[in-house]
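The values are calculated or read from the model by the stated rules, or taken from the named source; none is laboratory data. This one's a predicted model, so the numbers in the text were calculated from it and none came from an experiment. Glycine also receives a Cβ, built like all others from the backbone with ideal geometry; neighbour counts cover every protein chain displayed.
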Amino acid sequence: MRSQLFVPGDSEKKLAKGLDAGADCLFIDLEDSVAAANKEAARKMAREFLTSARKLDKRPLLYVRVNALDTGLTDADLDAIAPGRPDGILLPKSQGGADVQHLAAKLAVREAENEIPDGATQICCVATETASAIFGLSSYRGSSRRLAALTWGAEDLSADLGAETNRLPDGMHAPVYVLARNMTLLAAVSAGVQPIDTVYPNFRDEAGFRRECIEARRDGFTGKMAIHPAQVPIINEIFTPPATEIERARKIVQAFADNPMAGVIGLDGEMLDKPHLERAKKLLARLGTAL
(Lines give C-alpha, C1' and ligand atoms only; values in the text may rest on other atoms or scores of the structure.)
Protein backbone atom coordinates (compact mmCIF):
# COMPACT_ATOMS: atom_id res chain seq x y z
CA MET A 1 0.00 0.00 0.00
CA ARG A 2 1.48 3.25 -1.20
CA SER A 3 -0.84 5.76 0.46
CA GLN A 4 -2.56 5.66 3.85
CA LEU A 5 -5.05 8.46 4.55
CA PHE A 6 -6.06 9.35 8.10
CA VAL A 7 -9.80 9.87 8.53
CA PRO A 8 -11.44 10.86 11.86
CA GLY A 9 -13.65 8.07 13.11
CA ASP A 10 -16.31 10.50 14.32
CA SER A 11 -16.97 12.29 11.01
CA GLU A 12 -19.42 10.63 8.63
CA LYS A 13 -18.62 13.23 5.98
CA LYS A 14 -14.86 12.68 6.08
CA LEU A 15 -15.23 8.91 6.23
CA ALA A 16 -17.37 8.95 3.09
CA LYS A 17 -15.00 11.37 1.37
CA GLY A 18 -12.06 9.15 2.23
CA LEU A 19 -13.45 6.32 0.10
CA ASP A 20 -13.16 8.52 -2.99
CA ALA A 21 -9.69 9.92 -2.22
CA GLY A 22 -7.81 7.23 -4.14
CA ALA A 23 -5.80 6.06 -1.13
CA ASP A 24 -4.66 2.45 -0.98
CA CYS A 25 -5.61 2.35 2.69
CA LEU A 26 -7.73 4.38 5.10
CA PHE A 27 -6.57 4.79 8.69
CA ILE A 28 -9.87 5.27 10.53
CA ASP A 29 -8.84 7.16 13.62
CA LEU A 30 -10.14 6.56 17.13
CA GLU A 31 -7.11 8.16 18.79
CA ASP A 32 -5.76 11.71 18.48
CA SER A 33 -8.37 13.21 16.16
CA VAL A 34 -11.27 12.10 18.39
CA ALA A 35 -12.01 13.97 21.62
CA ALA A 36 -12.49 11.91 24.77
CA ALA A 37 -16.18 12.74 24.89
CA ASN A 38 -16.65 11.41 21.35
CA LYS A 39 -14.83 8.09 21.72
CA GLU A 40 -17.92 5.93 22.09
CA ALA A 41 -19.75 7.63 19.22
CA ALA A 42 -16.64 7.27 17.05
CA ARG A 43 -16.43 3.54 17.78
CA LYS A 44 -20.02 3.03 16.68
CA MET A 45 -19.57 5.17 13.58
CA ALA A 46 -16.34 3.38 12.65
CA ARG A 47 -18.00 -0.04 12.98
CA GLU A 48 -20.93 1.02 10.81
CA PHE A 49 -18.57 2.48 8.23
CA LEU A 50 -16.49 -0.71 8.15
CA THR A 51 -19.58 -2.87 7.68
CA SER A 52 -20.84 -0.69 4.85
CA ALA A 53 -17.50 -0.14 3.08
CA ARG A 54 -16.61 -3.84 3.05
CA LYS A 55 -19.62 -4.48 0.82
CA LEU A 56 -18.21 -2.28 -1.96
CA ASP A 57 -16.84 -3.98 -5.06
CA LYS A 58 -13.82 -1.71 -5.03
CA ARG A 59 -12.49 -0.20 -1.82
CA PRO A 60 -9.24 0.69 -0.06
CA LEU A 61 -7.84 -1.38 2.76
CA LEU A 62 -9.49 -0.40 6.04
CA TYR A 63 -7.31 -0.09 9.14
CA VAL A 64 -8.38 1.39 12.46
CA ARG A 65 -6.04 3.40 14.66
CA VAL A 66 -7.00 2.37 18.17
CA ASN A 67 -5.96 4.09 21.36
CA ALA A 68 -2.59 3.05 22.78
CA LEU A 69 -2.31 -0.01 24.98
CA ASP A 70 -1.48 2.02 28.10
CA THR A 71 -4.62 4.19 27.87
CA GLY A 72 -7.08 1.54 29.04
CA LEU A 73 -9.19 2.23 25.94
CA THR A 74 -7.86 -0.39 23.54
CA ASP A 75 -10.19 -3.21 24.54
CA ALA A 76 -13.28 -1.05 24.14
CA ASP A 77 -12.01 0.04 20.71
CA LEU A 78 -11.44 -3.55 19.60
CA ASP A 79 -14.75 -4.81 21.00
CA ALA A 80 -16.61 -2.13 19.06
CA ILE A 81 -14.88 -2.44 15.70
CA ALA A 82 -14.20 -6.18 15.48
CA PRO A 83 -17.70 -6.98 14.12
CA GLY A 84 -16.90 -4.60 11.23
CA ARG A 85 -13.95 -6.80 10.26
CA PRO A 86 -11.19 -4.24 9.67
CA ASP A 87 -8.31 -5.34 7.49
CA GLY A 88 -5.87 -4.19 10.11
CA ILE A 89 -5.12 -2.20 13.25
CA LEU A 90 -2.77 0.77 13.47
CA LEU A 91 -1.17 0.66 16.92
CA PRO A 92 0.08 4.04 18.18
CA LYS A 93 2.88 4.55 20.70
CA SER A 94 4.08 0.99 20.31
CA GLN A 95 7.09 0.11 22.43
CA GLY A 96 8.24 -2.96 20.51
CA GLY A 97 7.54 -6.57 19.65
CA ALA A 98 5.93 -7.32 23.01
CA ASP A 99 3.19 -4.78 22.24
CA VAL A 100 2.59 -6.46 18.88
CA GLN A 101 2.22 -9.82 20.62
CA HIS A 102 -0.12 -8.29 23.20
CA LEU A 103 -2.32 -6.79 20.49
CA ALA A 104 -2.17 -10.00 18.44
CA ALA A 105 -3.56 -11.97 21.39
CA LYS A 106 -6.42 -9.51 21.75
CA LEU A 107 -7.17 -9.76 18.05
CA ALA A 108 -7.19 -13.56 18.13
CA VAL A 109 -9.93 -13.47 20.76
CA ARG A 110 -12.05 -10.99 18.80
CA GLU A 111 -11.63 -12.94 15.59
CA ALA A 112 -12.84 -16.11 17.28
CA GLU A 113 -15.80 -14.32 18.81
CA ASN A 114 -16.83 -12.83 15.45
CA GLU A 115 -16.12 -15.89 13.27
CA ILE A 116 -13.28 -14.13 11.47
CA PRO A 117 -10.47 -16.33 10.12
CA ASP A 118 -7.56 -16.53 12.53
CA GLY A 119 -4.84 -14.08 11.62
CA ALA A 120 -6.96 -12.11 9.16
CA THR A 121 -6.46 -8.80 10.99
CA GLN A 122 -3.02 -7.33 10.35
CA ILE A 123 -1.03 -4.88 12.44
CA CYS A 124 0.86 -1.71 11.58
CA CYS A 125 2.81 0.00 14.37
CA VAL A 126 3.80 3.61 14.87
CA ALA A 127 7.17 2.73 16.28
CA THR A 128 8.91 5.94 17.37
CA GLU A 129 6.43 8.10 19.28
CA THR A 130 8.35 7.96 22.55
CA ALA A 131 12.05 8.06 23.34
CA SER A 132 11.92 4.61 24.95
CA ALA A 133 10.34 3.10 21.82
CA ILE A 134 13.50 3.75 19.80
CA PHE A 135 15.32 1.16 21.88
CA GLY A 136 12.74 -1.53 21.08
CA LEU A 137 12.90 -1.34 17.31
CA SER A 138 14.95 -4.53 16.89
CA SER A 139 12.29 -6.54 18.75
CA TYR A 140 9.72 -6.32 15.95
CA ARG A 141 11.53 -8.99 13.98
CA GLY A 142 9.70 -12.29 14.45
CA SER A 143 7.18 -10.78 16.84
CA SER A 144 4.01 -11.84 14.98
CA ARG A 145 2.86 -13.03 11.58
CA ARG A 146 0.21 -10.33 11.78
CA LEU A 147 2.79 -7.53 11.61
CA ALA A 148 2.52 -5.97 8.14
CA ALA A 149 4.20 -2.58 8.44
CA LEU A 150 6.12 -0.15 10.62
CA THR A 151 5.87 3.60 10.45
CA TRP A 152 7.25 6.42 12.53
CA GLY A 153 6.04 9.66 14.04
CA ALA A 154 7.78 12.94 14.76
CA GLU A 155 4.97 14.90 16.40
CA ASP A 156 4.47 12.73 19.49
CA LEU A 157 8.20 12.08 19.74
CA SER A 158 8.94 15.80 19.86
CA ALA A 159 6.32 16.20 22.60
CA ASP A 160 7.90 13.35 24.58
CA LEU A 161 11.33 14.95 24.21
CA GLY A 162 10.04 18.40 25.15
CA ALA A 163 11.50 19.77 21.91
CA GLU A 164 10.60 23.19 20.55
CA THR A 165 10.06 21.78 17.06
CA ASN A 166 10.90 18.69 15.02
CA ARG A 167 11.84 20.52 11.83
CA LEU A 168 14.61 22.92 10.81
CA PRO A 169 13.91 26.33 9.22
CA ASP A 170 14.24 24.79 5.73
CA GLY A 171 11.48 22.27 6.52
CA MET A 172 13.77 19.28 6.92
CA HIS A 173 13.57 17.12 10.05
CA ALA A 174 16.04 17.88 12.82
CA PRO A 175 18.79 15.25 13.33
CA VAL A 176 17.15 13.28 16.16
CA TYR A 177 14.03 12.73 14.01
CA VAL A 178 16.14 11.72 11.03
CA LEU A 179 17.65 9.10 13.33
CA ALA A 180 14.18 7.85 14.30
CA ARG A 181 13.17 7.75 10.63
CA ASN A 182 16.23 5.80 9.57
CA MET A 183 15.99 3.38 12.48
CA THR A 184 12.36 2.64 11.59
CA LEU A 185 13.34 1.93 7.99
CA LEU A 186 16.04 -0.48 9.13
CA ALA A 187 13.72 -2.14 11.66
CA ALA A 188 10.97 -2.67 9.09
CA VAL A 189 13.29 -4.22 6.54
CA SER A 190 14.86 -6.39 9.24
CA ALA A 191 11.38 -7.58 10.26
CA GLY A 192 10.40 -8.25 6.66
CA VAL A 193 7.49 -5.78 6.72
CA GLN A 194 6.61 -2.63 4.82
CA PRO A 195 8.38 0.61 5.82
CA ILE A 196 5.97 3.56 5.69
CA ASP A 197 7.08 7.18 5.97
CA THR A 198 5.44 9.60 8.38
CA VAL A 199 2.97 12.41 7.72
CA TYR A 200 3.78 15.87 6.38
CA PRO A 201 1.59 18.22 8.45
CA ASN A 202 1.67 21.26 6.15
CA PHE A 203 -0.71 19.93 3.51
CA ARG A 204 -0.65 23.26 1.65
CA ASP A 205 3.09 22.97 0.98
CA GLU A 206 2.95 20.75 -2.10
CA ALA A 207 6.58 21.33 -3.08
CA GLY A 208 7.89 20.36 0.35
CA PHE A 209 5.61 17.35 0.50
CA ARG A 210 6.67 16.17 -2.94
CA ARG A 211 10.34 16.53 -2.00
CA GLU A 212 9.83 14.48 1.17
CA CYS A 213 8.01 11.73 -0.76
CA ILE A 214 10.85 11.53 -3.28
CA GLU A 215 13.46 11.32 -0.53
CA ALA A 216 11.50 8.61 1.28
CA ARG A 217 11.18 6.49 -1.86
CA ARG A 218 14.86 7.00 -2.66
CA ASP A 219 15.88 5.65 0.74
CA GLY A 220 13.66 2.57 0.69
CA PHE A 221 10.26 3.53 2.11
CA THR A 222 7.45 2.07 0.02
CA GLY A 223 4.57 4.25 1.18
CA LYS A 224 3.66 7.41 3.06
CA MET A 225 0.82 8.49 5.33
CA ALA A 226 -1.42 11.41 4.39
CA ILE A 227 -3.42 13.78 6.57
CA HIS A 228 -5.35 15.38 3.68
CA PRO A 229 -6.92 13.91 0.51
CA ALA A 230 -4.91 16.35 -1.63
CA GLN A 231 -1.72 14.53 -0.61
CA VAL A 232 -2.89 11.13 -1.84
CA PRO A 233 -2.37 11.59 -5.62
CA ILE A 234 1.19 12.82 -5.02
CA ILE A 235 2.00 9.79 -2.86
CA ASN A 236 0.53 7.39 -5.39
CA GLU A 237 2.45 9.02 -8.22
CA ILE A 238 5.82 8.99 -6.50
CA PHE A 239 5.56 5.56 -4.91
CA THR A 240 4.45 3.92 -8.16
CA PRO A 241 7.65 2.87 -9.96
CA PRO A 242 7.96 4.30 -13.49
CA ALA A 243 7.38 1.93 -16.37
CA THR A 244 11.08 2.16 -17.29
CA GLU A 245 12.10 0.93 -13.82
CA ILE A 246 9.58 -1.91 -13.94
CA GLU A 247 10.85 -3.06 -17.32
CA ARG A 248 14.46 -2.79 -16.15
CA ALA A 249 13.68 -4.90 -13.06
CA ARG A 250 11.99 -7.56 -15.17
CA LYS A 251 15.01 -7.73 -17.46
CA ILE A 252 17.36 -8.15 -14.50
CA VAL A 253 15.27 -10.93 -12.96
CA GLN A 254 14.99 -12.69 -16.30
CA ALA A 255 18.72 -12.38 -17.01
CA PHE A 256 19.59 -14.10 -13.74
CA ALA A 257 16.89 -16.73 -14.34
CA ASP A 258 18.47 -17.47 -17.73
CA ASN A 259 21.91 -17.82 -16.10
CA PRO A 260 21.26 -19.57 -12.75
CA MET A 261 24.93 -20.44 -12.18
CA ALA A 262 26.19 -16.89 -12.74
CA GLY A 263 27.12 -14.66 -9.83
CA VAL A 264 27.57 -11.66 -12.08
CA ILE A 265 25.92 -10.89 -15.40
CA GLY A 266 26.27 -8.17 -18.00
CA LEU A 267 23.14 -6.28 -19.05
CA ASP A 268 22.99 -3.22 -21.29
CA GLY A 269 26.65 -2.47 -20.69
CA GLU A 270 26.46 -2.77 -16.88
CA MET A 271 27.79 -5.50 -14.62
CA LEU A 272 25.15 -6.68 -12.16
CA ASP A 273 25.36 -8.93 -9.11
CA LYS A 274 23.09 -10.22 -6.32
CA PRO A 275 22.20 -6.81 -4.74
CA HIS A 276 20.88 -5.65 -8.12
CA LEU A 277 18.76 -8.80 -8.37
CA GLU A 278 17.35 -8.36 -4.87
CA ARG A 279 16.41 -4.74 -5.55
CA ALA A 280 14.69 -5.77 -8.76
CA LYS A 281 12.73 -8.50 -7.00
CA LYS A 282 11.59 -6.12 -4.28
CA LEU A 283 10.41 -3.56 -6.79
CA LEU A 284 8.38 -6.17 -8.67
CA ALA A 285 7.01 -7.62 -5.43
CA ARG A 286 5.55 -4.20 -4.61
CA LEU A 287 3.52 -4.45 -7.78
CA GLY A 288 2.28 -7.93 -6.94
CA THR A 289 4.27 -9.26 -9.88
CA ALA A 290 4.88 -13.00 -9.90
CA LEU A 291 8.57 -13.78 -10.17
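Looking at the range 31-44, can you tell me whether even one residue there is of a type in the set (G, A, S), in the same structural domain as A226 (by TED's automatic domain parsing), crowded, with 22+ Cβ neighbours inside 10 Å and part of a loop (DSSP other than H, G, I, E, B)?
As a first pass, look at the range 31-44 and keep what is of a type in the set (G, A, S): 33, 35-37, 41-42.
Checking which are in the same structural domain as A226 (by TED's automatic domain parsing) leaves us with 33, 35-37, 41-42.
Still in the running and crowded, with 22+ Cβ neighbours inside 10 Å: 42.
This time we only want the ones that are part of a loop (DSSP other than H, G, I, E, B), so: none.
Looking through the range 31-44, none of the residues is of a type in the set (G, A, S), in the same structural domain as A226 (by TED's automatic domain parsing), crowded, with 22+ Cβ neighbours inside 10 Å and part of a loop (DSSP other than H, G, I, E, B).
Each row is one residue, and each column tells you yes or no for (1) within 23 Å of R141 (Cα to Cα); (2) out of contact with any strand residue (DSSP E or B) (no Cβ under 9 Å at 6 or more places or on another chain); (3) assigned by TED's automatic domain parsing to the domain that holds A180.
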site: T51; (1), (2), (3): no, yes, yes
site: A68; (1), (2), (3): yes, no, yes
site: D77; (1), (2), (3): no, no, yes
site: G88; (1), (2), (3): yes, no, yes
site: P92; (1), (2), (3): yes, no, yes
site: A104; (1), (2), (3): yes, no, yes
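Suppose we filter the range 162-193 for residues that are closer than 15 Å to A149 by Cα and touching a strand residue (DSSP E or B) at 6+ places or on another chain (Cβ under 8 Å); how many remain?
Residues flagged as closer than 15 Å to A149 by Cα and touching a strand residue (DSSP E or B) at 6+ places or on another chain (Cβ under 8 Å) within the range 162-193 amount to 8.
S190 passes all but one of (1) more than 18 Å from the chain's Cα centre (by Cα); (2) part of a helix (DSSP H, G or I); which number fails?
That leaves (1) as the condition not met.
Mind checking whether some residue in the range 10-18 is outside any loop (DSSP other than H, G, I, E, B), within 21 Å of N236 (Cα to Cα) and within 14 Å of the chain's Cα centre (by Cα)? Lay out the reasoning, then the answer.
Taking the range 10-18 as the starting set, the residues that turn out to be outside any loop (DSSP other than H, G, I, E, B) are 12-18.
Right, trim to within 21 Å of N236 (Cα to Cα) and you get 14-18.
Right, trim to within 14 Å of the chain's Cα centre (by Cα) and you get none.
For the range 10-18, residues outside any loop (DSSP other than H, G, I, E, B), within 21 Å of N236 (Cα to Cα) and within 14 Å of the chain's Cα centre (by Cα): absent.
Would the range 94-117 turn up any residue that is without any contact (Cβ under 8 Å) to a residue 40 or more places away in the chain, closer than 21 Å to P60 by Cα, out of contact with any Cys (no Cβ under 9 Å at 6 or more places or on another chain) and of a type in the set (V, I, T)?
yes
Take residues that are surrounded by 14 or more Cβ atoms within 10 Å (Cβ to Cβ), of a type in the set (V, I, T) and touching a strand residue (DSSP E or B) at 6+ places or on another chain (Cβ under 9 Å) and tell me which of the helices (runs of 4 or more DSSP H) falling wholly in the range 194-291 contain 2 or more.
Details: elements: 206-219, 232-238, 243-258, 274-286.
It comes to 232-238.
Determine, yes or no, whether N38 is among the polar types (S, T, N, Q) and more than 30 Å from V178 (Cα to Cα). It would help to see each step written out before you state the result.
On the way: among the polar types (S, T, N, Q): yes; more than 30 Å from V178 (Cα to Cα): yes.
Answer is yes for this residue.
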